[in-house]
Amino acid sequence: MAENIVINQEESLSELEGSNKVDLLGMDRQAMEAYFLSIGEKPFRAGQVMKWIHQFGVSDFDEMTNLSKALREKLLKLAQVRTPKIVAEQLSEDGTIKWLLEVDNHNSVEVVYIPEKNRGTLCISSQVGCALECTFCSTGQQGFNRNLENWEIIAQMWVANKALGCKPKEERRISNVVFMGMGEPLLNVTHVFPVARILMDDFAYGLSKRRVTISTSGVVPAIDKIKDELDVSLAISLHAPNNPLRDILVPINKKYPLEELMPSLYRYVEGGHSKKHVTVEYVMLDQVNDRVAHAEQLVKLLGDLPCKVNLIPFNPFPDTDYKRSSNNAIHRFRAVLEDGGLSVTVRKTRGDDIDAACGQLAGKVSDRTKRTLHRVEFSGKSLN
Ligand code: SF4
């Protein structure tokens, strides 16, 4: 049975709100070095402090014992390591854990840990809600409030590490991080890019670029920005093989249709870093996008793009008209893709008993878009 635990962590965020102190949790190395220079200290202090914060989970400067007393006192006056309040923790019977974190007085976001045999994946959120209204996604129906800041995003990793009891030099329980929680990360690159750098920094979590994945619904200019500025893995939430169907499932397609999206993916794999392939995410919706004709179109669309396709059985949420494709339909779809030369996996659904599966994250969103008052209606009709 899934288990709900409500946690009362009264300290942390509430005590520090309204403070004028500089937040150190969300600074990447470059920003941290610049900060130490700005307060008259040597830049190497940045690496020391990052280690304390991210590897040892320390937020109290007094515990950073390799810093001089004078520096600790200076930091106490000028800076802080602000961490969010954990509102609740849910444990799934399959070992998945979902935390609800309060990011300000009216909003909260969800972060999910998925343990597997050889790895542990943390799925993190980048926005409070989402403005993009993908019709198969619970977050998309919640409306949108704001972008998360650096510290609020990396805090999800920090909190999960603490909660899981991770220790430096021990085998990592969180080996992979995916930006697949609430929000569209590429509409928040100002805060997401520094966080990705912290995740990959040896003074922090030291994850390899293969183990940090940014998932986008197709914000074409920002895909080019990744190509130029950030060496991470990329997943594209495709979900449809043609524009009319994608316009309905992933409405940002009206702004960046497949004719623009596909070339941007080729530019990414051929870009300056060592990108090898793109992961193509495709949710399987009964009678909507799961027919043989759709699979044939997908083979054509992907052409010779270096990619692997991840088929995701749809995870239902309240008030949706969509249904999960049958196992037969998924197997038939997979066979057509494989016959077309594509590498395909079918994602195992995890944490659906605690609404932590893909597309089910909702958090608590104070909807500034008022979308929840005029919810998108969709008949469930298939377009070929
Ligand atoms: S699938 Fe992603 S981009 Fe689309 S509404 Fe959900 S969170 Fe937003």
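The values are calculated or read from the model by the stated rules, or taken from the named source; none is laboratory data. Remember, it's a predicted structure, so these values are computed and weren't measured experimentally. Methodologically, a virtual Cβ is constructed for each residue, glycine included, from the backbone with ideal geometry; neighbour enumeration extends over all protein chains shown. These area figures cover heavy atoms from the full protein model, side chains too; ligands, DNA and RNA do not enter into them. Shrake-Rupley method; radii C 1.70, N 1.55, O 1.52, S 1.80 Å.
Given the criteria within 11 Å of the ligand (Cβ to nearest atom) and at pLDDT 90 or above, does residue 138 qualify? Please lay out each step first, then the result.
Values: within 11 Å of the ligand (Cβ to nearest atom): yes; at pLDDT 90 or above: no.
Answer is no for this residue.
Restrict the check to segment 146-165 and report whether at least one residue is closer than 25 Å to residue 118 by Cβ and among the basic types (Lys, Arg).
Yes, segment 146-165 has at least one match.
Just the residues that are buried (at least 22 other Cβ atoms within 10 Å of the Cβ) and part of a helix (DSSP H, G or I), please, taken from segment 198-221.
If the condition is that a residue be buried (at least 22 other Cβ atoms within 10 Å of the Cβ) and part of a helix (DSSP H, G or I), then 198, 199 are the ones that fit.
Which of the residues spanning segment 180-190 are buried (at least 20 other Cβ atoms within 10 Å of the Cβ) and either away from the ligand (no atom under 13 Å from the Cβ) or part of a loop (DSSP other than H, G, I, E, B) (or both)?
180, 181, 182, 183, 184, 188, 189
Is it true that some residue in segment 124-137 is in the same structural domain as residue 251 (by TED's automatic domain parsing), without any contact (Cβ under 8 Å) to a residue 24 or more places away in the chain and either within 30 Å of residue 240 (Cβ to Cβ) or not small (Gly, Ala, Ser) (or both)?
no
Please enumerate the residues belonging to segment 141-176 that are within 16 Å of the ligand (Cβ to nearest atom), under 14 Å from the mean Cα position of the chain (by Cα) and either β-branched (Val, Ile, Thr) or open to solvent by 30 Å² or more (accessible area, probe 1.4 Å) (or both).
147, 153 - these are the residues of segment 141-176 that are within 16 Å of the ligand (Cβ to nearest atom), under 14 Å from the mean Cα position of the chain (by Cα) and either β-branched (Val, Ile, Thr) or open to solvent by 30 Å² or more (accessible area, probe 1.4 Å) (or both).
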